[in-house]
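> Quick one: this structure, given as structure tokens, is what I'll be asking you about.
The values are calculated or read from the model by the stated rules, or taken from the named source; none is laboratory data. Predicted, not measured: the structure shown is a model, and the values here were computed from it. Cβ: placed from backbone, ideal geometry, glycine included. Neighbour counts: every protein chain shown. What goes into the accessible areas is simple: the full protein's heavy atoms, side chains included, and nothing from ligands, DNA or RNA. Shrake-Rupley method; radii C 1.70, N 1.55, O 1.52, S 1.80 Å.
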Amino acid sequence: MPKAAIVADKLNKWFGVGEARTYAVKEVSFEANWGEMLYIVGPSGSGKTTLLSMISGILRPNSGSVAIDGRDLWSQSDDEIADFRLNTIGFVFQDYHLFPRLTTAENVAIPLILQKRNWGDALSTAAQCLKIVDLADKAQLPPTKLSGGEQQRVAIARAIVHQPAILVFDEPTASLDGDTGRKIVSFVKAEILTSKRCIILVTHDSRIFEYSDRIMEMEDGRITGFQQGQTV
Amino acid sequence: MKQILILAYKLLVNDKGKYFALLVGTTFSVFLIVQMTSSFAGILTKASATVINIGANIWVMDPAATNSVLSNVPMPDYVLDAVRSINGVKYAVPLYSGTALVKLHDGTYQAVSVIGLDDSSLVGRPKLLEGDIDDIFAENGFIVVKDEEFPKLENPKIGTEFELNDYRGVIVGIATVPTGGLYGTPTLYTTYYRAITYIPSMRFTISYVLVQPKADSDIPYIKQQVARLGYLALTNHEYQDAISSYLEYKTSIGTNTLLMTIISFLVGLSICGQTFYTFIIENLEHFGALKAMGAKGRELVYVILFQAGFTALVGYGLGVGLSTLLITAAKLRLPEYTSRLTYTNLSLAFLMVLIIASISGYAGVRRVLKIEPFEIFRG
Ligand SMILES: Nc1ncnc2c1ncn2[C@@H]1O[C@H](COP(=O)(O)OP(=O)(O)O)[C@@H](O)[C@H]1O
Ligand SMILES: [Mg+2]
């Protein structure tokens, strides 16, 4: 049996101490598979971002474990975890976090730069990724000159430029209009998701539910159920 | 490493406003520091002008006379004989250094420095532009130094006659010396004998005994023997250092220069420190994003140190360039302008700019290491 892409086991994360301790994520266990586009949905404050951070090597859980492709994540050293984020994960942040002082192509190249590839190669790979997201003509502009949907596509290009196995999207359509949001997610499903990839997408935008393979519902830090994507 | 430094460079230089402010801050501060210390260095050199121009190896003087050439304390004649008899002394000659008044054509007086050279050897003689050094022995013969102060004597020529302390004098030569003096007085050279005859003095007349040792290895012994006589022997460099340290530590010139240098440093530090810190704060979310994407803490430290160091180096270059330009321009226009770029000044400014960069960088590094990528992730 092939190993699952992600196995989360009894993850707990709390904030505050003593009386003030509140659980952001409580006893969460789930699996995500290669080739799958898994949504995490739930009301605001239900712990989606916190969970996403724990499975992508950003936030250390208080207890529980995460295994990526069979390898335990949080028992590794800080440097190994940084390398894991660099090589295995592609991030699309909620508010993009593009660098306004760099060109669009340079922005896309950043993961390759952090991987210590040389600038020339990094920029030409970045240019190819921009072609995939249909922004080849904007490569030399600063991202501030682009529309919201275009910036989102730049962020996606940056997330895939280094060929990561796992992509995490946090509310990718939150600041886009319905049409643009749907277009982008359908593009991700059709072009970015492969049988060797796993995509975790946090959202509460029901307009894009149709592109999911599976939906995991959360409330108050707990999983409340799973749904098959297209059936919602 | 190189890749991320290019990124650091782009993030810094592309933020034109901040980068400009940082450069202005460092350049300005380096400029002030270099300017301040160079003019002080110029003053120091000029204060030692006589020592430099005469050039003798060893200067024997009264121990109370180390502050400046102006404040020499005359020594009795037996000192000269005693020094001559010290083992290792090749020769020793007297030097007179003092001031006199020259009466100008319009009846006003001009103070002059008078240097009296040993009659038999003329040790310490200046280089002549016009005239013959032997004419210094002619009746009333004086050699005038053509420096910035020369016009104060109404630009004398060979043959020009004048009155010096009510004695007649005549210019027999025009000389040049390596370093102009600090005190704004023209300089006349004559013989030792004529100098002490024309210029009223105390019972003792020798300002300095100039000594040429047989070998450098004789210097310690000579110094020791001179000390036994109750006098002080300093090498040329030691004497210059003594004059410098007097100005540095015992006069308001030194204290003020030091204070102004510290102020320039603090101004530079506050401008750069603050601008750089603001730059880091404004880019904090980007540093956080880099960290989230897998940049290691130490790589971010390199980025910040590189940005601080790069700014410091460019600012240093601009500051030194600006200073050089200004000093050169000022010297062309103002003959009296006293300023000297020395390696010590340049190193001092470099050290200060490095401190500025380190403090600014340190503040930035502390801030950046504290960012939690999770905070960036949550938005
Ligand atoms: N750094 C923190 N300190 C305190 N509470 C936090 C912190 N981060 C998240 N939380 C809390 O954890 C809960 C889950 O947050 P989050 O994962 O951001 O929710 P979601 O992404 O589903 O909107 C919220 O109640 C939030 O207030
Ligand atoms: Mg969230």
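> Say R0 is 51 Å: what FRET efficiency, to the nearest 0.05, do B:VAL24 and B:ASP166 get from their beta-carbon distance?
Plugging the Cβ-Cβ distance into 1/(1 + (r/R0)^6) gives 0.30.
> Now for a separate question. Just name one of B:TYR96, B:PRO178, B:GLN212: the one whose Cα is farthest towards the positive end of the charge dipole of region B:76-230 (beta-carbon charges, Lys/Arg +1, Asp/Glu -1).
The listed residue farthest towards the positive side: B:GLN212.
> While we're here: How fast does region B:154-205 diffuse by Stokes-Einstein, in µm²/s, taking the Kirkwood radius from C-alpha pairs at 4 °C and 1.567 mPa s?
Working: Rh = 12.9 Å.
Once the numbers are plugged in, D ends up at 100 µm²/s.
> Among the residues of region A:59-94, which ones have their accessible area go down by 10 Å² or more when all the protein chains sit together, as opposed to their chain alone (1.4 Å probe)?
Residues shielded by partner chains are A:LEU59, A:ASP79, A:ALA82, A:ASP83, A:ARG85, A:LEU86, A:PHE91, A:PHE93, A:GLN94.
> Could I ask something else about it? Out of all DSSP beta bridges in region A:103-232, what portion is antiparallel? Express it as a percent rounded to 5. Let's see the in-between values first.
On the way: 6 of 11 bridges.
Of the beta bridges lying entirely in region A:103-232, close to 55 percent run antiparallel.
> Extending each Cα 7 Å along its Cβ direction at B:LEU326 and A:ASP78, get the distance between those two points in nm, one decimal.
Distance between label points: 4.5 nm.
> Right, here's the next one. Any idea of the total accessible area buried by the A-B contact, 1.4 Å probe, rounded to 100 Å²? Could you put the intermediate results ahead of the total?
Working: alone 11160 and 18810 Å², together 27080 Å².
The contact between B and A buries close to 2900 Å².
> Before I look further, what does region B:1-143 give for accessible area per residue, probe 1.4 Å, in whole square angstrom? Present the calculation step by step, with values, prior to reporting the outcome.
Values: 5740 Å² over 143 residues.
On a per-residue basis, region B:1-143 sits at 40 Å².
> With an 8 Å Cα cut-off and a minimum separation of 6 or more residues, compute the relative contact order for chain B in percent.
Numbers: 635 pairs, mean separation 111.2, N = 379.
29 percent.
> Heavy atoms of the protein only, probe of 1.4 Å, neighbouring chains included. What is the accessible area of B:THR50 in Å², nearest 10?
30 Å²
> Using a Förster distance of 22 angstrom, determine the FRET efficiency expected from the C-beta separation of B:LYS214 and B:LYS127, and round it to 0.05.
Numbers: r = 26 Å, r/R0 = 1.18.
The value I calculate is 0.25.
> Just tell me, in residue order, which DSSP H segments of chain B are both 20 angstrom or longer along the helix axis (alpha-carbon based) and at least -1.0 in mean Kyte-Doolittle hydropathy. It would help to have the intermediate numbers written out before the result.
Numbers: long enough: B:16-47 (45 Å, 1.01); B:236-250 (21 Å, -1.33); B:252-282 (44 Å, 1.30); B:297-333 (54 Å, 1.11); B:343-370 (40 Å, 1.15).
Long hydrophobic helices here: B:16-47, B:252-282, B:297-333, B:343-370.
> For every helix of n ≥ 4 consecutive DSSP H residues, a contribution of -39,500 (n - 2.57) applies; sum these over chain B, divide by its total residues, and give [θ] at 222 nm rounded to the nearest 500 deg cm²/dmol. Can you show the working numbers first?
Details: 12 runs with 201 residues, N = 379.
My calculation for chain B gives -17500 deg cm²/dmol from helical runs alone.
> Give, ordered by residue number, each residue of region A:161-199 whose 1.4 Å probe accessible area is reduced by a minimum of 10 Å² on adding the remaining protein chains to the chain alone.
A:ASP170
> Along region B:87-101, what does the Karplus equation 6.51 cos²θ - 1.76 cosθ + 1.60 (θ = phi - 60°) give for ³J(HN,Hα), rounded to whole Hz, x for Gly and Pro?
In residue order, the calculated couplings are 4, x, 8, 6, 8, 9, 9, x, 9, 9, 9, x, 10, 8, 10 Hz.
> Could you work out the relative contact order of region B:76-230, using alpha carbon pairs under 8 angstrom and six or more residues apart, expressed as a whole percent?
Taking the mean separation of contacting Cα pairs over the length of region B:76-230, I get 36 percent.
> Most mobile of B:THR187, B:THR66, B:THR108 per a Gaussian network model of chain B (Cα springs, under 10 Å)?
B:THR108
> Mark the label point 7 Å from the Cα of B:THR342 along Cα→Cβ and return the residues of region B:226-244 whose backbone N is within less than 14 Å of it.
Once the point is set 7 Å along Cα→Cβ of B:THR342, B:237-244 turn out to lie under 14 Å by backbone N, inside region B:226-244.
> Please give the residues of region B:7-33, grouped as numeric ranges, whose backbone N is less than 17 Å from a label point set 7 Å along the Cα-to-Cβ vector of B:LEU313.
B:7-14, B:23, B:26-27
> Within 10 Å of each Cβ of A:107-114, how many other protein chain Cβ atoms are there on average?
On the way: counts 0, 0, 2, 8, 4, 1, 8, 9.
What the average comes to for A:107-114 is 4.
> Further question: Mind grabbing the accessible area of B:ARG366 for me, 1.4 Å probe, Å², rounded to tens?
Its accessible surface works out to 120 Å², give or take rounding.
> Which FRET efficiency, nearest 0.05, do B:ARG367 and A:PHE226 yield, Cβ-Cβ r, R0 41 Å?
Numbers: r = 42 Å, r/R0 = 1.03.
FRET efficiency, B:ARG367 to A:PHE226: 0.45.
> At a 1.4 Å probe radius, which order do A:HIS97, B:HIS105, B:HIS237 fall into by accessible area, largest first?
Details: A:HIS97 15, B:HIS105 165, B:HIS237 130 Å².
Result of the area sort, largest leading: B:HIS105, B:HIS237, A:HIS97.
> In addition: Roughly what % of DSSP beta bridges within region B:76-230 run antiparallel, to the nearest 5?
75 percent
> Can you give the calculated 222 nm mean residue ellipticity of chain A, where each DSSP H run of n ≥ 4 adds -39,500 (n - 2.57) and the sum is split over every residue, rounded to the nearest 500 deg cm²/dmol? Kindly include the intermediate steps, with their values, before the conclusion.
Working: 6 runs with 67 residues, N = 232.
Result for chain A: -9000 deg cm²/dmol, rounded to the nearest 500.
> Would you work out the relative contact order for region B:92-150, in percent, from Cα pairs under 8 angstrom that are 6 or more residues apart?
Details: 46 pairs, mean separation 14.2, N = 59.
It rounds to 24 percent for region B:92-150.
> Which parts of region B:1-43, residue by residue, lose 30 Å² or more of accessible area when the rest of the protein chains are there, as against the chain isolated (1.4 Å probe)?
B:GLN3, B:LEU7, B:LYS10, B:LEU11, B:ASN14, B:ASP15
> Once phi is turned into θ = phi - 60°, what whole-Hz ³J(HN,Hα) does the Karplus curve with 6.51, -1.76 and 1.60 give for every residue of region B:156-165, x standing for Gly and Pro?
x, 10, 4, x, 4, 9, 7, 10, 10, 6
> Full extension from B:GLU282 to B:SER270: what is 0.36 nm times the residue separation minus their Cα-Cα distance, to one decimal in nm? Could you put the intermediate results ahead of the total?
On the way: separation 12, 0.36 × 12 = 4.32 nm, distance 1.78 nm.
Answer, rounded to one decimal: 2.5 nm.
> Return the sequence-ordered ³J(HN,Hα) values of region A:125-142 in whole Hz as given by the Karplus equation 6.51 cos²θ - 1.76 cosθ + 1.60 applied to θ = phi - 60°, using x for Gly and Pro.
5, 4, 4, 5, 5, 5, 5, 4, 8, 6, 10, 3, 7, 9, 4, 8, 8, x
> Could you let me know the centre-to-centre spacing of region A:31-68 and region B:81-108, using Cα atoms, in angstrom?
Going from one Cα centre to the other spans 93 Å.
> Which one of B:PHE276, B:THR235, B:THR255 has its Cα pushed farthest toward the positive end of the charge dipole of region B:218-307, where Lys and Arg give +1 and Asp and Glu give -1 at the Cβ?
B:THR235
> Quick check: at a probe of 1.4 Å, how many percent of the accessible area of the protein assembly as shown sits on carbon and sulfur atoms?
Values: 15010 of 27080 Å².
C and S fraction of accessible area: 55 percent.
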